[in-house]
1. Calculate, for SER348 and ASN298, the FRET efficiency according to 1/(1 + (r/R0)^6) with r their C-beta to C-beta distance and R0 22 Å; round to the nearest 0.05.
2. What full-extension length gain, to one decimal in nm, is calculated for ASN255 and THR187 as 0.36 nm per residue of separation minus the Cα-Cα distance?
3. Distance in nm between label sites at ALA135 and HIS315, each 7 Å beyond Cα in the beta-carbon direction?
4. Using a 7 Å offset from the Cα along the Cα-to-Cβ direction at both THR165 and THR240, what is the distance between the two label points in nm, to one decimal?
5. Quick one: what are the phi-derived ³J(HN,Hα) couplings along region 138-152, Karplus 6.51/-1.76/1.60 with θ = phi - 60°, whole Hz, x for glycine and proline?
6. Step through the residues of region 245-260 one at a time and calculate ³J(HN,Hα) from phi using the Karplus curve (6.51 cos²θ - 1.76 cosθ + 1.60, θ = phi - 60°), rounding each to whole Hz and writing x for Gly and Pro.
7. Show me the ranking of peptides 218-224, 149-155, 256-262 by mean Cβ neighbours inside 10 Å, starting with the highest.
8. Note down the nm distance, to one decimal, between modelled labels 7 Å out along Cα→Cβ at ILE308 and at THR100.
Amino acid sequence: MKEKKYIRSLTGKVSRCSVLWGTMLCLFLLPSGCLSDESGNGSDNDLVEIRLNGGISSSTSVSTRGDGMFNGTDTWPDDLAVRFARADKATDYTAGYLSTPLDAVVNKTATGDVTKTHVITFGMALNPSPAYYLANGNKSKLIGWYPSTGTFDPSAHTVAFPAATLDGSTDLMATDLYEGDKNAKITSVAFNHLLTQISVRVYTESTTTSTVWGTLSSVAIVGMSRSCIVTLPAATAATTGGTEKVTAAFSGSDNLSLVEKNPSGNSDISYPVTPGIGAGNSVLAGYAMFAPQTDSDNTNNKITLTVITSAGGTHTAAIPAPDGGFKAGSSYVVTLKFGAAEIEPSVSITDWQPGTTPGEVEI
């Protein structure tokens, strides 16, 4: 869940993703002190700490599962747990990724004035564990993902996420593949949203039709794929020219209920919902992040909602896709008009979350 394209930001409605989230989350590694070179270049056999800055390729990001979507330049309610796969070069990268990925924590607090950044520390929240470039000057590659709960297979270079993870409120993101060494460091990384996002608003055309339909009991997206396997590029892949991109394969056909929260701020929406009277008074019914729908035949990209109201019973509404489908890293507002005889849907493209800054954020 433009089209204004956001870059999730990690939190967001990817927007919490988003939300966690199309802008960029800034990552910066805290200095650890011990044996790290502060100047930039390390002499032979010196340990130089890996320090990153960067962002999210969309304007939002997600902090933790169920926390909704947040703007990547905002302060979040919670820290963000991510992971990085690492490969070290000997004569080449044929040995692949190390078997154990690196844990990392992005601090919830945004710092800076015009350019907002979030400090990132390798290790766990209560147990920081700095990461270093190779002392002999050989290169290393890094590629990251969110959420950190995905199961990493270094041989297949995949990260598997079960349906329980992709619950509609949790963003799914991954970076490109980056390469650096202690004398030519990785200077920035960007997390890219792999999900799309919709929010749903509802209204009736008159007080008469309001009586016919009653209150809104629930909304669900029909047959939505939920489990996902993210395939990372091989450790031997180039880090330029697009070969460093991840791919995401979704499976499953469970219905996905809307998250009964406001994607901006994650405040609860009280159900049942009373639709507003008139288009200018539409009421937010919730949001969801889910697998992008981008078939080459755009007619296949429509989504179907099951809508239950107290007086009108159960109905379905087919939501036509915008040109190009429901894209990863993009946010859409679906408005449902409860008319005299049927539910009339419309779709508009919007920011993942208001107040975003498109593009990569450098510090």
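The values are calculated or read from the model by the stated rules, or taken from the named source; none is laboratory data. Small disclaimer: the values here were computed from a predicted structure and weren't measured. When we count neighbours, we look across all protein chains shown, and the Cβ atoms used for this are built from the backbone with ideal geometry, even at glycine. We work out accessible area using only protein heavy atoms, side chains counted, and drop any ligands, DNA or RNA first. Shrake-Rupley method; radii C 1.70, N 1.55, O 1.52, S 1.80 Å.
1. FRET efficiency, SER348 to ASN298: 0.85.
2. Details: separation 68, 0.36 × 68 = 24.48 nm, distance 4.13 nm.
The ASN255-THR187 span can extend by a further 20.4 nm.
3. 7.1
4. With each label placed 7 Å out from Cα toward Cβ, I get 3.2 nm.
5. Each residue of region 138-152 in turn: 5, 7, 9, 10, 10, 8, x, 8, 9, x, 6, 7, x, 8, 8 Hz.
6. Residue by residue, region 245-260 yields 6, 7, 10, 10, 10, 9, 8, x, 9, 6, 6, 10, 6, 4, 6, 7 Hz.
7. Working: 218-224: 18.4, 149-155: 15.0, 256-262: 20.0.
Ranked by mean Cβ neighbours within 10 Å, highest first: 256-262, 218-224, 149-155.
8. 4.7
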